[in-house]
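The values are calculated or read from the model by the stated rules, or taken from the named source; none is laboratory data. Because the structure is a prediction, the values reported are computed rather than measured. Don't worry about glycine lacking a Cβ; one is built from the backbone with ideal geometry, like all the others, and counts go over all protein chains shown.
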Amino acid sequence: MDDHPLDDDTLLAEQLAYYRAGAAAYDRQYTRYEGLRKLLTLVDGLPVTGDVLEPACGSGRWTRLPAARARSVTAVDGAAEMPAIARRHVSHPGVRFLRADLFEWRPHRRYDTVFFAFWLSHVPPARLPAFWTTVAAAPAPGGRAIFVDDGPATAGHEELLTDRTVPTAVRRLDDGSRYRIAKTFRAPRTVAADLATLDWSARVRPVGGNIVGIAKPPSRAVEP
Ligand SMILES: C[S@@+](CC[C@H](N)C(=O)[O-])C[C@H]1O[C@@H](n2cnc3c(N)ncnc32)[C@H](O)[C@@H]1O
């Protein structure tokens, strides 16, 4: 693979290809990293309740938290391989898995909570306003978005390509294959400021090297 800068679409296609090819091994980070386990415990105490939409559900490690107490969970991921893996963790009848490209997909109904883990950092800066507009279309009146992600303190763990317009990291799979992904390490105050610009009210805080946000969309949010 040569390493010339990629346009957003090509980078996002390579990002999805990375998660598809690595789906079987994706889950093992949850047994390796203490910080992730602590974050799971923290999120278990947050109000991810009612009818829940979970974009980028991955292997279902987070899905199983609301599954136990939510009315329903609609878990969306672009990788066809992920639902089969996620079903090992989540067998609750109220959970539905959908395969969709989150840069195209729009919610067709309202949800009480939109929860996403480690997805915001994969949204390139130019796609951010459209992403938040899509999220804003999902919550029912009084609903909110809750999210966790990597913060700037974790950037040192990644192999970053610093010459890119779109912040890009390199990931490798066990077979030696190499993929470029979009990865922006946003500080809590940056995310809060982005949301304020879009008329959300948000509280975003650091937790270890991660960020945890709870945000309410503007009341005139886009109709789904
Ligand atoms: C960092 S993982 C997060 C998974 C899970 N939320 C977690 O924290 O363990 C990113 C997820 O986004 C999914 N993904 C990547 N590109 C996507 C796209 N364009 N549309 C939908 N899902 C996508 C991947 O398949 C992967 O499951």
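Inclusion of Asp175 among residues that are out of contact with any Cys (no Cβ under 8 Å at 6 or more places or on another chain), exposed (fewer than 14 other Cβ atoms within 10 Å of the Cβ) and free of Cβ contacts under 8 Å to residues at least 12 places away in the same chain is warranted.
When Ala153, Ala117 are screened for being in contact (Cβ under 8 Å) with a residue 24 or more places away in the chain and under 19 Å from Ala56 (Cβ atoms), only Ala117 passes. When segment 20-39 is filtered for residues that are free of Cβ contacts under 8 Å to residues at least 60 places away in the same chain and outside any helix (DSSP H, G or I), the ones remaining, listed by number, are Asp27, Arg28, Tyr33. Exactly one residue among Leu46, Leu102, Leu65 is away from the ligand (no atom under 13 Å from the Cβ), within 17 Å of the chain's Cα centre (by Cα) and closer than 23 Å to Val212 by Cα, and that residue is Leu46. Exactly one residue out of Asp112, Asp101 is modelled with pLDDT of 95 or more and in contact with a helix residue (DSSP H, G or I) (Cβ under 8 Å, 6 or more places away or on another chain), and it is Asp101. For segment 40-62, residues that are under 13 Å from Phe147 (Cβ atoms) and not in a loop (DSSP other than H, G, I, E, B) total 6.
Is it the case that some residue within segment 63-70 is surrounded by fewer than 18 Cβ atoms within 10 Å (Cβ to Cβ) and either under 17 Å from Asp149 (Cα atoms) or out of contact with any Cys (no Cβ under 8 Å at 6 or more places or on another chain) (or both)? The answer is yes; a qualifying residue exists. If you filter segment 1-28 down to residues that are out of contact with any helix residue (DSSP H, G or I) (no Cβ under 9 Å at 6 or more places or on another chain) and of a type in the set (Ser, Thr, Tyr), you find that the one that is farthest from Pro83 (Cα to Cα) is Thr10. In segment 47-63, the residues that are in contact (Cβ under 8 Å) with a residue 12 or more places away in the chain reach residues that are near the ligand (Cβ under 6 Å from one of its atoms) and in a loop (DSSP other than H, G, I, E, B) with C-beta atoms within less than 6 angstrom, at least six apart or across chains, in these pairs: Pro55/Leu102; Pro55/Trp119; Ala56/Trp119; Thr63/Cys57. Flag not set for Pro5, criterion: more than 10 Å from the ligand (Cβ to nearest atom), touching a residue at least 24 places away in the same chain (Cβ under 8 Å), buried (at least 20 other Cβ atoms within 10 Å of the Cβ) and farther than 19 Å from Asn210 by Cα.
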